[in-house]
1. Project the alpha carbons of the range 107-236 onto their principal axes and report the range along each, largest first, in whole Å.
2. Taking amide H atoms as placed 1.01 Å from N in the peptide plane, list the residues 5 or more away in sequence, or in a different chain, whose amide H sits under 5 Å from that of Val189.
3. Whole Å is fine, so just give me how far the alpha carbon centre of the range 55-118 lies from that of the range 181-225.
4. Compute the acute angle (0 to 90°) between the alpha-carbon long axis of helix 168-185 and the principal axis of greatest extent of the alpha-carbon atoms of the chain; round to the nearest 10°.
5. Just to confirm the number: angle between the C-alpha axis of helix 108-121 and the first principal axis of the chain, 0 to 90 degrees, nearest 10?
6. Which value in deg cm²/dmol, rounded to the nearest 500, describes the helix-derived mean residue ellipticity at 222 nm for the chain, given -39,500 (n - 2.57) per DSSP H run of n ≥ 4 and division by the residue count?
7. Reachable aspartates and glutamates from Lys73, Cα under 19 Å, same-chain residues fewer than 8 places away excluded?
8. Taking R0 as 35 Å, what FRET efficiency do you get between Lys6 and Thr135 from their Cβ-Cβ distance, rounded to the nearest 0.05?
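Laboratory data are not the source of any read-out in this text; all were calculated from the coordinates shown. Please read all numbers here as calculations on a predicted model, not as lab measurements. Because the Cβ atoms are built from the backbone with ideal geometry, glycine has one as well, and the counts that use them run over all protein chains shown.
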Amino acid sequence: MLLELKGVSAAYGKITAIRDISMTVDKGQIVTIIGGNGAGKTTTLRAMSGMLPVTAGEITFEGKRIDGLPASKVVAHGIAHVPEGRRIFPDMTVEENLRTGAFLRKDTAGIEFDLSTVYRKFPRLQERRGQRAQTLSGGEQQMLAIGRALMSKPRLLLMDEPSMGLAPVIVDEIAEIIREINQQQGLAVVLVEQNAELALELADHAYVLETGNCNLNGPASELHENDHVRAAYLGI
Ligand code: ATP
């Protein structure tokens, strides 16, 4: 097992946003968290990456407790977060943005190697390496956010709404990239998506969050056939 959440709760001030969440992610798996607006999906990812402290429960990664660690320490353990809205640095160039992903690494040769791997995977980023990030299209900015996360050499990638605001043809491209990263590099992914159809198609396993609680999970293909999931999230 790569990542395990046991009875995790997290809050914003006095308001508890997620309650007693338990989930597991195995090596090489794509796990998705689906749910409506405000269900707690982003909050769960923020708890995993140390951006938000947990108020109860335990999080372990590769057998080590990581809850209570600051986000920079969690990255060093091998978890990278591609946040909602990409959060790239608009005034920095594409390449400068990518290099920020490696800010904790000291292996200069390894960094250059991984930069060339990212450019091979995203030729459009290579073409635009000297361009300011704010001039990229939405799809290219999402690729940049993914590339930047890969520069930390993670073993688990947390992705928050990668399809948000993108045209359907670009969404397909991003979905293919997620599949490739997972299959070619064996990287495990936790995917948060409003687009439940896409999420269940990509994922091995799925968790359904409703108002901060998770009472339903299972293989993604089974949840795709679940009556409640179909009615609530797939519009069927
Ligand atoms: P969405 O799909 O709309 O992004 P979500 O499932 O990701 O929703 P969260 O963003 O995790 O949901 O929000 C869970 C709950 O926590 C919501 O009730 C939300 O209003 C609340 N919340 C989120 N961020 C904050 C914050 N910074 N301060 C206070 N409350 C917050």
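1. Each principal axis gives a Cα extent; for the range 107-236 these are 49, 30, 25 Å.
2. Distant-sequence amide H within range of Val189: Gln29, Ile30, Val31, Leu157.
3. Cα centroid to Cα centroid, the span is 22 Å.
4. That helix lies at roughly 90 degrees to the long axis.
5. Result, in degrees: 80.
6. Numbers: 10 runs with 91 residues, N = 236.
Taking each H run of at least 4 residues, the total per residue is -11000 deg cm²/dmol.
7. Those aspartates and glutamates meeting the cut-off are Glu4, Glu58, Glu62, Asp107.
8. On the way: r = 44 Å, r/R0 = 1.26.
In this case the efficiency is close to 0.20.
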